[in-house]
Amino acid sequence: MAGRQDFGDRSARAVLLRREEGVRSPFVPILLGDCAPPRYLWRVTEQPRLAEQNAAVHLPEPFLRWFSQKGWSPRAHQIELLATAQAGQSVLLIAPTGAGKTLAGFLPSLTELAGRPRKKPGQARRGIHTLYISPLKALAVDIERNLGKPVEEIGLPITIETRTGDTPAHKRQRQKLAPPDILLTTPEQLALLIAAPDARRFFEDLHYVVLDELHSLVTSKRGHLLSLGLARLRSFVPGLQTIGLSATVAEPDELRRWLVSQNPPGGMAELIVVTGGAKPEISILDSEERVPWAGHSARYATPEIYSEIKRHKTTLLFVNTRSQAELLFQELWRVNEDTLPIALHHGSLDVAQRRRVEKAMGENALRAIVATSTLDLGIDWGDVDLVVHVGAPKGASRLAQRIGRANHRMDEPSKAILIPANRFEVLECRAALDANYLGAQDTPPLVNGGLDVLAQHVLGCACGAPFHANALFEEVRAAAPYAELDRPTFDRVIDFVATGGYALKNYERYARIRLNKDGLWRVSNPRVAQQYRLNVGTIIEVPALNVRYIKAGSKGSASRGGRVLGKIEEAFLETLTHGDTFMFAGKVLRFEGIRENECFVSNAPGSDAKVPYYGGGKFPLSTYLAEQVRIMLDDPQRWKKLPEQVADWLRFQADKSVLPKRDDLLIETFPRGNRHYLVAYPFEGRLAHQTLGMLLTRRLDRAGARPLGFVATDYALAIWSLADMGWMFRAKKPSLSELFDQDMLGDDLEAWLAGSWLLKRTFRNCALISGLIEKRHPGQEKSGRQVTVSTDLIYDVLRSHEPDHILLQATRADAATGLLDVSRLAEMLSRIQGRIVHKNLEQISPLAVPIMLEIGKMPVHGEADDTLLMDAATLVEEAMGTK
Amino acid sequence: MTRALAMPAPLADADFIGIAGERAICDRRGVLYFPELKLLAVSDLHLEKGSSLARRGTLIPPYDTGATLLRLQAVISDYQPAIVMSLGDSFHDGGGAARMHSSFRERLEGLMVGREWFWVAGNHDPDAPADLPGETVRELAIGSLLFRHEPSAVRVEGEIAGHLHPCARIVQRGRSVRRRCFAGDGGRMIMPAFGAYTGSLNVLDRAYAGLFRRETLMAYMLGTERIFAISRSMLRPG
């Protein structure tokens, strides 16, 4: 293979640029597939001003030679981006994978550096010219390799280096003294660099910041931290230009604002959009087998998936969670009669193991890889010719991104098969599929920057150099997520960083930063900066233990030498006893015990193994897709596209109960056993349903319905009680509209949240990110439980003594958008006002079957820990009674 | 020899148990009350732990002392003991009493009025707390009971100690529940830590090795409304 597609294009030679020949219409966008280009692109295309500007594009001779030697020509968007950058503008490039985004992003730097006069001996050192920031370490390493090649072939005198957490100390030291021209790094490393005393000098020669996979960075707290870092860089180098590279997003303007200073607000980076890619061929598996009512394993489809793997060169199998990945991998090997090389890849596996899989994939040595979101981002490996998506994709954009993995050339169609795991997922897959054809996008909207992240940044700034509050406030407001930050809040954040920000002023003498007479804030001692460096970043690791092999039955200490398979969350391991078996790293393992930070396991035969659960990693159904599912339910015409057994199911529902109209909320009540059930179908995703379930059970309890518990799925919510809720609603005691009144988001939410573990977990993250407490580091963890202060205890104390503390404010804001999805619930409650349809039934409806099957399989909420203690204590009492 | 006896359910707030022949109430809030002696025992208050950590740069909320004293106030007003025994590590460090905010000091002194108050010396606070009433002792024997901070390695019947911050963990229906607990075998008792910021150590940890008779060890786990007596066979490490 003559190089990677990222750096040019062998097939589409629509554009040939020769300056001496003049420009042959480089603005005809390469539109592949049959999508019409968006209107803004037409505008760009037809503007003569831009065409003139383009004529002035300077692509140096060595580059032209290189392109023609390769038999390639620069693509229109690459040239356009170069022109925009050369005109001094920041720019956002939105393009599908395989469009040569990376080369486009670096072209301005490479051309500028190529034209730079050589450094004379004795001349002062030159600082970093271009900073490249990516969300993944692996991506930075990948880019170093891929960028190094053309740089070498063109013969450019440019140095390129990476700086990540893995970079050895001596190399980092050397980079400070002799910086490379292009530095490839991550948001955390940038935060560390700007917190160093020599930061201003280190970045004084910076021209460009290239931000890769921007769409995935901006939605998290890492994005908040990065935006603040960028604002800092802009204050070092006012003329700094940014180049954002992104996959397609719903609201490009949000990213355009993100890339430039928002103080004063409103500025936007230029936009270049490359549409299309060939239209993917996506199908939904129309299984011979019966599609299950509930569950997520898609086990029924294993033989059909296997035969697809056999028919293709390399198949990439995406699942939504690590548990599903383990399960699917086991299932495939059970039917793998030809012993095809099928591998497993997810974030909990040991790094070495993952690298081996990635390497094998790059060498095309694998026939299939079962993977989670760790492979979502822009790393392209090998010749994947089929993507299988097991389980519903939960979002149309995510589906598009994952399908982009197949056939990583934008001008050839990708091939994908969706495997719904249950009947609701059939609907969801259908909706996602239609959405993909329509080019719909449902990336989440950006949220305001976290105050915990701001606190970390403020301390970082102080570690770098003394700051003036006024100046820093103006600087911070230039970062898009903090554009609306008000001064009093900013001052409270500074107060928090200094002394904890408590109403009880008890810690003045322990302040971390102090306001000096000159009006500048300074760190009070060097230890503060040391602590900061150890705690930088916004990625909070869930407590996890290494999983290490030993021989069955041997005592852990006797055989320390076994291989580490990866990490599993402590919370899961705590539920195991010696001898339990579970699936991990594609193996069935026996739990032998825990010693310090390690969990010892041995090989176990047998199939009745548990599947570890993982916190997070499970995406809720997107708002957009949820709406599509509701529309589909409301339109029997569209059922024709569904598999017969699923369409039958819906017809049966129309017969026995009713199908919810597009904007209605259907509530069914029915008795079953000696319980009464309420099933609601909001289709708003698991998190919002969970919150709704908590709030409704509180209200039902007050109304005397005696609710016992509830379960929530992405589609529905079921509550069961001792009292007849159907009768209560008809007697308007309470009425359903009262029950679902929006005011539940007021006091009820507050009251419930106060003691909720959800809020405690969120608080822990805020406490760690804001620097209130220190992260646990490997090696220092064994200080013993009774010495460390758990954040749960801190939370309880702070909430009862200072409920308005800024960290609790940050926690509530986080929970509302994150684990609770309150904003979505609020939208739903306002949408359904006056549109609640109640069906009081004699028995369970067809639509209710899936969620009723989840009862017993999923953790039941509302069951207090004390109930479990009671069970255990009762057992003891019984045992003692028989003595 | 006495055995730990779980009283038949249902019990309300408290659970009577026997320690070396003395009857005691194991209160779910983490204190022991001996009605015959009118004695309340509490352990490991760790007052001023917040400010102790703040000195080293971890600025956790300065309200732990206030929170701990409020809870102590509640149990004292419920039982109205004649004697209060604070079983050591009452302050997180030797300077704790001096650092205490004046409002908290006043609250603490208020609690001490009209009763005998013993500060048992702990490893965190070996000396008498600065400018506070009460008597500081290394250990104290009353009747068949012996109150001290660290449990002795040699078995002592009737010993009531703290220091280890016991907690216990059970797994029921695939879920794990960890709570602070009293740990006792009928002969001796280790009390849970009472302080708002105190962590805990599982009773199955090596630190407890040899302290209890295995067969009669019970963990009295603190529930939100009552104590749960759990036998050793149900307990999980970690």
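Flag set for residue A:116, criterion: of a type in the set (Lys, Arg) and modelled with pLDDT under 85. Each residue in the stretch A:714-750 was checked for being open to solvent by less than 50 Å² (accessible area, probe 1.4 Å) and farther than 30 Å from residue A:842 by Cα, and 4 pass.
Could you please let me know if residue A:479 is at pLDDT 95 or above, more than 14 Å from chain B (Cβ to nearest Cβ) and buried (at least 21 other Cβ atoms within 10 Å of the Cβ)? For residue A:479, the condition - at pLDDT 95 or above, more than 14 Å from chain B (Cβ to nearest Cβ) and buried (at least 21 other Cβ atoms within 10 Å of the Cβ) - is met. Checking each residue in the stretch A:324-343 for being in contact with a Leu (Cβ under 9 Å, 6 or more places away or on another chain) and hydrophobic (A, V, I, L, M, F, W, C) picks out A:325, A:328, A:329, A:332, A:340, A:342, A:343.
Just one of A:665, A:633, A:625, A:678 is among the aliphatic types (A, V, I, L, M), open to solvent by less than 10 Å² (accessible area, probe 1.4 Å) and at pLDDT below 90; which is it? Quick ask: steps written out before the conclusion?
Numbers: A:665 fails: at pLDDT below 90; A:633 fails: at pLDDT below 90; A:678 fails: at pLDDT below 90.
Of the residues listed, the single one that is among the aliphatic types (A, V, I, L, M), open to solvent by less than 10 Å² (accessible area, probe 1.4 Å) and at pLDDT below 90 is A:625.
Yes/no matrix, rows are residues, columns are (1) part of a loop (DSSP other than H, G, I, E, B); (2) modelled with pLDDT of 95 or more:
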{"position": "A:407", "(1), (2)": "yes, no"}
{"position": "A:411", "(1), (2)": "yes, no"}
{"position": "A:440", "(1), (2)": "yes, no"}
{"position": "A:458", "(1), (2)": "no, yes"}
{"position": "A:463", "(1), (2)": "no, yes"}
{"position": "A:485", "(1), (2)": "yes, yes"}
{"position": "A:491", "(1), (2)": "no, yes"}
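For the condition within 14 Å of chain A (Cβ to nearest Cβ) and of a type outside the set (Ser, Thr, Tyr), what is the one hit in B:114, B:66?
On the way: B:114 fails: within 14 Å of chain A (Cβ to nearest Cβ).
The match here is B:66.
Screening residue A:694 on (1) in contact with a strand residue (DSSP E or B) (Cβ under 7 Å, 6 or more places away or on another chain); (2) assigned to a helix (DSSP H, G or I); (3) surrounded by 23 or more Cβ atoms within 10 Å (Cβ to Cβ) shows it passes everything except condition (3). Can you pull out every residue in the stretch B:39-56 that is closer than 24 Å to residue B:229 by Cα and either more than 13 Å from chain A (Cβ to nearest Cβ) or open to solvent by 10 Å² or more (accessible area, probe 1.4 Å) (or both)? Selection gives B:39, B:40, B:41, B:42, B:45.
Go through A:869, A:847, A:825 for me and flag whichever is modelled with pLDDT under 90 and more than 7 Å from chain B (Cβ to nearest Cβ).
Numbers: A:869 fails: more than 7 Å from chain B (Cβ to nearest Cβ); A:847 fails: modelled with pLDDT under 90.
Checking each option against the conditions leaves just A:825.
Taken over the stretch A:121-169, the criterion of being touching a residue at least 12 places away in the same chain (Cβ under 8 Å) and of a type in the set (Gly, Ala, Ser) is satisfied by A:127, A:134, A:138, A:140, A:148, A:155, A:165. Going through the stretch A:65-102 one residue at a time, which ones are over 25 Å from the mean Cα position of the chain (by Cα), closer than 27 Å to residue A:414 by Cα and not small (Gly, Ala, Ser)? Listed by number, the residues that qualify are A:67, A:70, A:72, A:74, A:75, A:77, A:78, A:79, A:80, A:81.
Tell me the residue from A:497, A:493, A:523 that is under 16 Å from residue B:53 (Cα atoms) and either open to solvent by less than 50 Å² (accessible area, probe 1.4 Å) or of a type in the set (Ser, Thr, Tyr) (or both), please.
On the way: A:493 fails: under 16 Å from residue B:53 (Cα atoms); A:523 fails: under 16 Å from residue B:53 (Cα atoms).
None of the others qualify; the one that does is A:497.
Where in the stretch A:733-779 are there helices (runs of 4 or more DSSP H), lying fully within it, with 3 or more residues that are modelled with pLDDT under 80 and over 25 Å from the mean Cα position of the chain (by Cα)?
Values: elements: A:736-739, A:747-754, A:757-770.
Here the list reads A:747-754.
Would it be correct to say that residue B:59 is within 14 Å of another protein chain (Cβ to nearest Cβ) and either charged (D, E, K, R) or surrounded by 24 or more Cβ atoms within 10 Å (Cβ to Cβ) (or both)? Here the answer is yes, as residue B:59 does meet what is asked.
The values are calculated or read from the model by the stated rules, or taken from the named source; none is laboratory data. Source: prediction; values computed, not measured. Glycine gets a Cβ as well: all are built from the backbone with ideal geometry, and neighbour counts include every protein chain shown. We work out accessible area using only protein heavy atoms, side chains counted, and drop any ligands, DNA or RNA first. Shrake-Rupley method; radii C 1.70, N 1.55, O 1.52, S 1.80 Å.
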